[in-house]
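Written out below as structure tokens is the structure these notes cover.
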Amino acid sequence: MEKDALIYVAQHNDLIGASVVSELERWGYSRILTRSGDDPDLTDERAVARLFEESKPEYVFCFAGPHGGIIKNTTYPADLIYANLRIQCNIIHNSYIHGVKKLLFMTGSCVYPKECPQPITEDCFMAGKQEPTSAAYSTARAAGIEMCFAYNRQHGAKFIPAVVTNCYGPGDDYSEDGHVLASVLRKMCLAKEKEEPSLTLWGTGEPKRQFMYTGDIGAAAVLIMQKYDSTELINIAGGQEFSIAELARELKNVTGYKGEIVFDATKPDGAMRKLLDGKKLAKLGFNETVSFSEGLAKLYADCKEGMRP
């Protein structure tokens, strides 16, 4: 990417979008397309077309679209598939129409099959059935990956799909709709504040998840746009892997919560393991800079700040 290129980061106020903007600024990219407040309604075809027509971005980063944990995926599957399909179609198609040089389309690891070899390599995409609890969201995001491939084949576009491991960091969604780490952290902070003797979490505690700090994900995304010449699928993988039970113990250590952690096995676990292979990314020279303990301390400080009256 040229330093004077106009770059559009879709949904730049979201966790990953904000990390991409910060990394671009660190590299000295000065023409980053942001609007005061939020993006226009990205599900609105005309609004997105107008954005591209007026601004004419040269490079696009896109992780836009609603997403969340098991509760959100099982409660609002229709909302998730509808909004994500519309947003992806609008951004990818307008990137083609308006001659975007390169687009990075990022999505979560649930696009991979529920049952596949670990760590998950990029060739596992579409090699089996997806996890049922997130099937609506993951089907939409898998369609975004296929849309990138289709525009590359038919129109010679340079649209790169990337699968991102579980991210965390300041500014995360701490509600029950959010992903597991931030959501459990807030529940634990509240349980500690109320001196509750126990905290109940969904599932058996056995599923394993890989967690990568959002700043490192932003750095990986920018590196891919700078150095990755292929349009094949690439994983943004790194961080540490924990079972949900192990994660709960880590969070107890950070928060100082003394109560018992109870797992409700009548609730769904989701996929049992989603460890991504990061060899492609490593070949680009990527190295993480934030350890899990350091990242967790930053997340905890941010969560406490957000809970203050």
Subject >> Subset of segment 109-131 (residues that are at pLDDT 95 or above, within 18 Å of L80 (Cα to Cα) and not hydroxyl-bearing (S, T, Y)) >> reply: V111
**OP:** Name the single residue, out of those in segment 231-247 being touching a Lys or Arg at 6+ places or on another chain (Cβ under 6 Å) and under 20 Å from E288 (Cα atoms), that is least open to solvent (accessible area, probe 1.4 Å).
**Re:** I234
**OP:** Being of a type outside the set (A, V, I, L, M, F, W, C) and out of contact with any helix residue (DSSP H, G or I) (no Cβ under 9 Å at 6 or more places or on another chain) is the filter; apply it to segment 133-153 and report the residue that is most open to solvent (accessible area, probe 1.4 Å).
**Re:** R153
**OP:** Could you pull out the residue among F263, F286 that is outside any helix (DSSP H, G or I), open to solvent by 50 Å² or more (accessible area, probe 1.4 Å) and modelled with pLDDT of 95 or more?
**Re:** F263
**OP:** Filter segment 269-283 down to the residues that are surrounded by fewer than 19 Cβ atoms within 10 Å (Cβ to Cβ) and either outside any helix (DSSP H, G or I) or among the hydroxyl-bearing types (S, T, Y) (or both), then identify the one that is nearest to the chain's Cα centre (by Cα).
**Re:** L275
Original post:
How many of the residues making up segment 154-173 are open to solvent by 20 Å² or more (accessible area, probe 1.4 Å), out of contact with any Phe, Trp or Tyr (no Cβ under 7 Å at 6 or more places or on another chain) and not in a helix (DSSP H, G or I)?
Top reply: 7
**OP:** Please work out which residue is farthest from M106 (Cα to Cα), limiting yourself to segment 205-227 and to residues that are open to solvent by less than 20 Å² (accessible area, probe 1.4 Å) and assigned to a loop (DSSP other than H, G, I, E, B).
**Re:** G205
Subject >> Pairs with Cβ under 9 Å, 6+ apart, first in segment 73-87 and surrounded by fewer than 18 Cβ atoms within 10 Å (Cβ to Cβ), second outside any helix (DSSP H, G or I) and acidic (D, E) >> reply: T75/D177; Y76/D177
Original post:
Filter segment 185-204 for residues that are hydrophobic (A, V, I, L, M, F, W, C) and assigned to a strand (DSSP E or B); which is farthest from G278 (Cα to Cα)?
Top reply: L199
Subject >> Number of the exception - D41 against (1) in a loop (DSSP other than H, G, I, E, B); (2) in contact with a strand residue (DSSP E or B) (Cβ under 7 Å, 6 or more places away or on another chain) >> reply: (2)
**OP:** Please specify each residue of segment 23-68 satisfying the condition of being among the polar types (S, T, N, Q) and either under 12 Å from I91 (Cα atoms) or open to solvent by 70 Å² or more (accessible area, probe 1.4 Å) (or both).
**Re:** S30, S36, T43
Original post:
Can you name the residue in segment 258-309 that is among the β-branched types (V, I, T) and in contact with a strand residue (DSSP E or B) (Cβ under 6 Å, 6 or more places away or on another chain) and, of all such residues, is farthest from A219 (Cα to Cα)?
Top reply: V262
Original post:
Out of all the residues in segment 32-54, is one or more in contact with a Gly (Cβ under 7 Å, 6 or more places away or on another chain), closer than 23 Å to T214 by Cα and of a type in the set (D, E, K, R)?
Top reply: no
Original post:
Before we move on, is A47 free of Cβ contacts under 8 Å to residues at least 60 places away in the same chain, assigned to a loop (DSSP other than H, G, I, E, B), over 19 Å from Y228 (Cα atoms) and not hydroxyl-bearing (S, T, Y)?
Top reply: no
Original post:
Out of curiosity, is Y8 part of a strand (DSSP E or B) and either aliphatic (A, V, I, L, M) or buried (at least 19 other Cβ atoms within 10 Å of the Cβ) (or both)?
Top reply: yes
Original post:
Quick one: what pairs do we get from segment 137-155, first residue touching a residue at least 60 places away in the same chain (Cβ under 8 Å), second open to solvent by less than 10 Å² (accessible area, probe 1.4 Å) and assigned to a helix (DSSP H, G or I), C-beta under 6 Å, 6+ apart or different chains?
Top reply: Y137/L80; A140/N84; R141/V111; G144/Q88
Original post:
Being under 20 Å from K279 (Cβ atoms) and of a type in the set (S, T, Y), is that true of even one residue in segment 87-97?
Top reply: no
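The values are calculated or read from the model by the stated rules, or taken from the named source; none is laboratory data. Because the structure is predicted, anything quoted here is derived from the model rather than measured. Glycine also receives a Cβ, built like all others from the backbone with ideal geometry; neighbour counts cover every protein chain displayed. Side chains are part of the model used for accessible areas, which takes the heavy atoms of the whole protein and leaves out ligands, DNA and RNA. Shrake-Rupley method; radii C 1.70, N 1.55, O 1.52, S 1.80 Å.
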